[in-house]
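Each remark here refers to the structure printed beneath this line.
The values are calculated or read from the model by the stated rules, or taken from the named source; none is laboratory data. It should be emphasised that the depicted structure is a prediction, and the values quoted were computed from it without experimental measurement. Methodologically, a virtual Cβ is constructed for each residue, glycine included, from the backbone with ideal geometry; neighbour enumeration extends over all protein chains shown. Side chains are part of the model used for accessible areas, which takes the heavy atoms of the whole protein and leaves out ligands, DNA and RNA. Shrake-Rupley method; radii C 1.70, N 1.55, O 1.52, S 1.80 Å.
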Amino acid sequence: MDAPELLQVFCYTDLLSYRPGDEVVIHASTTAVELSIEIRRDEIGSKPVKVINQVKAPFSLLPADFAANGCGWPVVARWSVPRDAASGFYLMVARAKDRKGNVREYEHGITVLSAEPGVRAPILLILATSTWIAYNDFGGSCHYLADKEPDGLPFAPRLSIHRPWARGFMSLPAGAPRKGYAAPLEVGAVPRYPAGEFAALRGYSRYYANAGWANYDRHFAIWAEQNGYKMDYATQADLHNDPGLLGSYRCVVIVGHDEYWTWEMREAIDQYVQRGGRAARFGGNFYWQIRLEEGGVRQVCYKTLAKTHDPLMGTFNEQRVTAEWEDPLVNWPGAATFGLNATWGMYANHGAFAARGSGGFTIYRPDHWAFAGGNFYYGDVLGGSARIFGYEVDGLDYEIRDGLPYPTFRDGAPETLEILAMGLTNNREVAHGVTGESLYYPDETDTFTLPRYGADTPENRDRASRGSGMIAYFTRGAGEVFNAGASDWVAGLATRELGTEIVTKNVLDRFSR
């Protein structure tokens, strides 16, 4: 960003989502004389719906407070969403060319909502945009790191959407590795981090495999549309700002890496299900409470520093402090909404975390309707060949009785919940002293001890080093919830793994009827 002699182009929009008829305001920066902007719905065989040529955009540096307050770049173009535009995710490709003929492209993306919610589609796909924002490290700052943060914080707790998406969040080349292993780690081999290695060598965001449209939500959307499912699209910000949106749909779907939610988003899902709605979640890592400011323009999460830095501490609204859902201050276990939570689950199939596991869910209740038509048996592994069990998964505290898992209900799980399938996780990478070994994660068991056991002791840290990932089903009021608690469930759909497809179809068919 600070090298004007290089060919550069970046862009962003004023909002995450729009309705047909709305005006999209585009901001950009480039070192080229001019740029073009191509917009198309991201689907197989898509064609541009709009091309804006000869766009003039000055080269702009990042202001010091860009992470929290946005880049502040000038408006360079506007686009009115056609009134007949199909709901979906639209890629926006900014393309610049220098005088030598070199071309540089940068991708942005927006969501177009339906002009008539639920009329043409019984399913609403809610994109996990809060997690995208959390991991978007454009310019060097996100909820996981910070280039220049006030008070010396190690990450940026306040993030504006008025920033470009980091490279790889919107579009990826074929063959870009996922976060998890594509095959079990060989015995004797050192842990690897294929996505990190790919990103470092090719100039992609270090977090491209952690979150974003390209690596998660897109795989589900392409698979679902190719299989004839009619869906409308929305963002988590839309759910936050307009909870009544859900009432137009028979089924709501959330997929991929789905870590960050507001209180209002959870209330909307709970009320929707209570009234008879069906929620299907094919995703993992339900963990942090966030707040949205300025109608969703800024996302706030102080995470592990909430008790010392969140301005809501000590106020009447302390329950909205941006910590884990299981934190006593928040006291609304994640399992109460989706049946599972990250606190009792977490890492699998990458690095030194359950690196040689089956890669799938072991089935314990094969007679459940979700497994119909698959000829599944007790003890079968679902999705193992596609390595769907990872890279972050959600579970519960459980006990085994007569060979079957049952929730203990100490973690807020609904009383009607059934555990259908599960696998094992690990929350501590252990160094074995092997030549070439280089572990990526620190020991994170301290973040699980308090919400799980109420005290941070060596014994509890050892207990917190183990967890589970699950597929669960429960009913609430007149509605029902299915949760395949793995962020990489979509890997089974992307590779057309038959078992993953059968279960996904069973859920969508039942819930969208």
Exercise. Which one of these does R466 not meet: (1) open to solvent by 60 Å² or more (accessible area, probe 1.4 Å); (2) free of Cβ contacts under 8 Å to residues at least 12 places away in the same chain?
Worked result: (2)
Exercise. Counting residues that are under 23 Å from the mean Cα position of the chain (by Cα), which strands (runs of 3 or more DSSP E) fully inside region 393-496 reach at least 2?
Worked result: 418-426, 466-476, 479-484
Exercise. In region 187-260, which helices (runs of 4 or more DSSP H) lie fully inside it and hold 2 or more residues that are within 21 Å of the chain's Cα centre (by Cα) and under 17 Å from A494 (Cβ atoms)?
Worked result: 194-202, 218-226
For this session: Please give the number of the condition G228 fails out of (1) open to solvent by 10 Å² or more (accessible area, probe 1.4 Å); (2) touching a residue at least 24 places away in the same chain (Cβ under 8 Å); (3) farther than 18 Å from T129 by Cα.
Result: (2)
Exercise. Looking at this structure, is V33 farther than 16 Å from M170 by Cβ and either assigned to a loop (DSSP other than H, G, I, E, B) or under 30 Å from the mean Cα position of the chain (by Cα) (or both)?
Worked result: yes
For this session: Give Y473, Y406 a once-over and let me know the one that is closer than 24 Å to A372 by Cα, surrounded by fewer than 17 Cβ atoms within 10 Å (Cβ to Cβ) and of a type in the set (S, T, Y).
Result: Y406
Problem set entry | Residue that is farthest from the chain's Cα centre (by Cα) [pool: residues in region 14-23 that are touching a residue at least 60 places away in the same chain (Cβ under 8 Å) and either buried (at least 21 other Cβ atoms within 10 Å of the Cβ) or farther than 30 Å from D98 by Cβ (or both)] | G21
For this session: Among the residues of region 312-326, write down those that are buried (at least 20 other Cβ atoms within 10 Å of the Cβ) and either modelled with pLDDT under 95 or farther than 27 Å from T475 by Cβ (or both).
Result: V321, T322, A323
Exercise. Given the structure, is P154 open to solvent by 10 Å² or more (accessible area, probe 1.4 Å) and in a loop (DSSP other than H, G, I, E, B)?
Worked result: yes
Seminar exercise, completed: Filtering region 24-51 down to residues that are open to solvent by less than 40 Å² (accessible area, probe 1.4 Å) and hydrophobic (A, V, I, L, M, F, W, C) yields V24, V25, I26, A28, A32, L35, I37, I39
